[in-house]
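Trainee: Provided herewith is a single structure, encoded as structure tokens, for subsequent inquiry.
The values are calculated or read from the model by the stated rules, or taken from the named source; none is laboratory data. Computed from a prediction, not measured in an experiment: that's the story for all the values here. Cβ coordinates were reconstructed from backbone atoms using ideal geometry, including for glycine residues, and neighbour counts include every protein chain displayed. Accessible surface is based on the protein model in full, side chains and every heavy atom, while ligands, DNA and RNA are left aside. Shrake-Rupley method; radii C 1.70, N 1.55, O 1.52, S 1.80 Å.
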Amino acid sequence: MSKKKTDSIKDISSLGEFGLINHITKDFKIVQKSTVKSIGDDAAVIFDQERQLVVTTDLLIESVHFDLSYMPLKHLGYKAVVVNLSDVYAMNAEATQITVSIAISNRFPLEAVEELYEGIKTAAKIYNIDVVGGDTTSSTRGLIISVTAIGFAKKEEVVYRNGAKENDLLVVTGDLGAAYLGLQVLEREKQVFQVNPNNQPDLEPYVYLVERQLKPEARKDIRELLSALEVTPTSMIDISDGLSSEAIHLCKSSNLGCNLYEEKIPLDPQVISTCEEFNLDSTTIALNGGEDYELLFTISTEDFPKIKGNPHFTVIGHMTNKKEGMHLITRANTKIPLKARGWNSFQETSE
């Protein structure tokens, strides 16, 4: 961060609300044709004549959703954008715009806000979206970030949670469990540091896990890949709260049951080795860990040959009649009822 930007500005209050908005948004570029009017008026104007509008919003609160003792502000800004874009991609839509609102306490200097928005700007550039508005206000406690993401899709392209059919295949992208384990590693190192501040954390063996926690990526590529393969999912959801919770959402929305096979769940080797180190069950972590931001979707059995062997996709089960219930089929071939034990912000006090 260059000091030239902020040498003449001592704190945020000297800028005022509108001065701060102008300061942190002046470098955002417009890249989407659907953005008619961006920042600088009472509201943004967005228009697309041929496609349906998709809107989602998320709230991130300090000490509930993130811990700034190990979450860099630039990473936080990036992640705040990505978690919203993931919901747009889960609708099989193209993400096009976001708005960003923050509430921030006076313990944060202007440099901290600039760092946060550097992450937002980086995400906007990588995912080719416009930042078209937002708000800033003061907070009596900590930092709050609210992002609203907007996207578009043709009517026949939009995928909901309720479209799955009996015998459809249950498919997941990427691998699961790494983000949760990354959080466990960071929490462990935080506790070690609190006991002995001279003890520097060694995160080298856990690079993939920590990156999945601090800098997740939304699966923008999947929509394009499925389109190229001529596959349209019958239902879809992003994995933010854990595989079991999301599978249950699809089942309940589609009024079906499912069989999910333990041996088919994709796990990175670093997840397996770290689970052994922490004495954790890797299947439990994949089912309940959350924050993977992969996509879980169903496809017709007729489309299986189109995705077979593709490294981005793993078939992990199939949909069944509702009367059969929702089950995990273990490696020992026993049926265990699926239960939603993933992230619940109303039961937890920290990430």
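Trainee: For residue 318, what is the net charge nearby, where nearby means another residue's Cβ is under 10 Å from its Cβ and Lys, Arg count +1, Asp, Glu -1?
Mentor: -2
Trainee: Cut-off 10 angstrom, C-alpha nodes, Gaussian network model of the chain. Which of 282, 146, 273 fluctuates the most?
Mentor: Looking only at 282, 146, 273, the biggest GNM fluctuation is shown by 273.
Trainee: What does the net charge come to around residue 172 if you take all other residues with beta carbon closer than 12 Å to its beta carbon, with K and R at +1 and D and E at -1?
Mentor: Around residue 172, the surrounding residues sum to -3.
Trainee: Quick check: residue separation of residue 139 and residue 61 times 0.36 nm, minus the Cα distance between them. What number comes out in nm?
Mentor: 27.0 nm
Trainee: Here's a follow-up. Testing the spin-label approximation: label points 7 Å from Cα along Cα→Cβ at residue 37 and residue 156. State their distance in nm.
Mentor: 3.5
Trainee: Given that compact globular proteins tend to follow 2.2 N^0.38 Å, what is the ratio of the alpha-carbon Rg of the stretch 172-275 to that value?
Mentor: Scaled against compact globular proteins, the figure is 1.36.
Trainee: Which distance in nm do the two modelled labels at residue 255 and residue 339 give, with both placed 7 Å along the Cα-to-Cβ direction?
Mentor: About 2.8 nm, to one decimal.
Trainee: Could you do me a favour and compute the accessible area per residue for the stretch 235-288, 1.4 Å probe, result in Å²?
Mentor: Working: 2000 Å² over 54 residues.
Here the per-residue accessible area is 37 Å².
Trainee: Under a Cβ-only charge scheme (Lys and Arg +1, Asp and Glu -1), can you give me the dipole magnitude of the stretch 34-82 about the Cα centre, in debye to the nearest 20? Write out the running numbers ahead of the final one.
Mentor: On the way: 4 positive and 7 negative charges, 35 e Å.
Charge dipole, the stretch 34-82, about its Cα centre: 160 debye, nearest 20.
Trainee: Pairs of alpha-carbon atoms within less than 8 angstrom and 6+ residues apart define the contacts here; what relative contact order does the stretch 91-196 have, in percent?
Mentor: 40
Trainee: Taking the Cα centre of the stretch 274-315 as the origin, how large is its charge dipole in debye, to the nearest 20, when only Lys and Arg (+1) and Asp and Glu (-1) carry charge on their Cβ atoms? Mind showing how you got there, number by number?
Mentor: Numbers: 2 positive and 8 negative charges, 59 e Å.
Result for the stretch 274-315 is approximately 280 debye, rounded to the nearest 20.
Trainee: Dipole of the chain, Cα-centred, from +1 at each Lys and Arg C-beta and -1 at each Asp and Glu C-beta, to the nearest 20 debye?
Mentor: Dipole magnitude for the chain comes out near 420 debye.
Trainee: List the extent of the Cα atoms of the chain along each of their three principal axes, largest first, rounded to whole Å.
Mentor: On the principal axes, the chain reaches 67, 59, 33 Å in Cα extent.
Trainee: At 1.4 Å probe size, with no ligands or nucleic acids counted, give the accessible surface of residue 61 in Å², nearest ten.
Mentor: 50
Trainee: Provide the net charge surrounding residue 133, with neighbours chosen by a C-beta distance below 13 Å and charges set as Lys +1, Arg +1, Asp -1, Glu -1.
Mentor: Net local charge, residue 133 excluded: -3.
Trainee: Restricting attention to the alpha-carbon atoms of the stretch 139-202, what are Rg (one decimal) and Dmax (integer), both in Å?
Mentor: In Å, with Rg to one decimal and Dmax whole: 21.2, 58.
Trainee: Tell me, what % of the accessible area of the chain is carbon and sulfur with a 1.4 angstrom probe?
Mentor: Taking all protein chains in place, the chain shows 49 percent carbon and sulfur surface.
Trainee: Order 65, 75 by their accessible area, 1.4 angstrom probe, all chains in place, largest first. Walk me through the numbers on the way to the answer.
Mentor: On the way: 65 40, 75 65 Å².
In descending accessible area the options line up as 75, 65.
Trainee: Quick one: accessible surface of residue 165, probe radius 1.4 Å, all protein chains present, in square angstrom to the nearest 10.
Mentor: Taking all protein chains as shown, residue 165 has close to 120 Å².
Trainee: Under a 1.4 angstrom probe, counting protein chains only, how are 187, 294 ranked by accessible area, largest first?
Mentor: 187, 294
Trainee: Sequence gap at least 6, Cα distance under 8 Å: using those rules, report the relative contact order of the chain to the nearest whole percent.
Mentor: Reported as a whole number, the value is 22 percent.
Trainee: Among 133, 151, 112, which residue has its Cα furthest toward the positive end of the charge dipole of the stretch 111-178, with +1 on Lys/Arg Cβ and -1 on Asp/Glu Cβ?
Mentor: Toward the positive end, the furthest listed residue is 151.
Trainee: Among 193, 274, 91, flag the residue with its Cα farthest along the positive direction of the charge dipole of the chain, charges on Cβ as +1 for Lys/Arg and -1 for Asp/Glu.
Mentor: Farthest along the dipole direction, towards plus: 91.
Trainee: Quote the relative contact order of the stretch 45-158 in percent (integer), defining contacts as alpha-carbon pairs under 8 Å separated by 6+ residues.
Mentor: 46
Trainee: Could you sort 117, 160 by accessible area so the largest value comes first, with the probe set to 1.4 Å?
Mentor: My answer, sorted largest first, is 160, 117.
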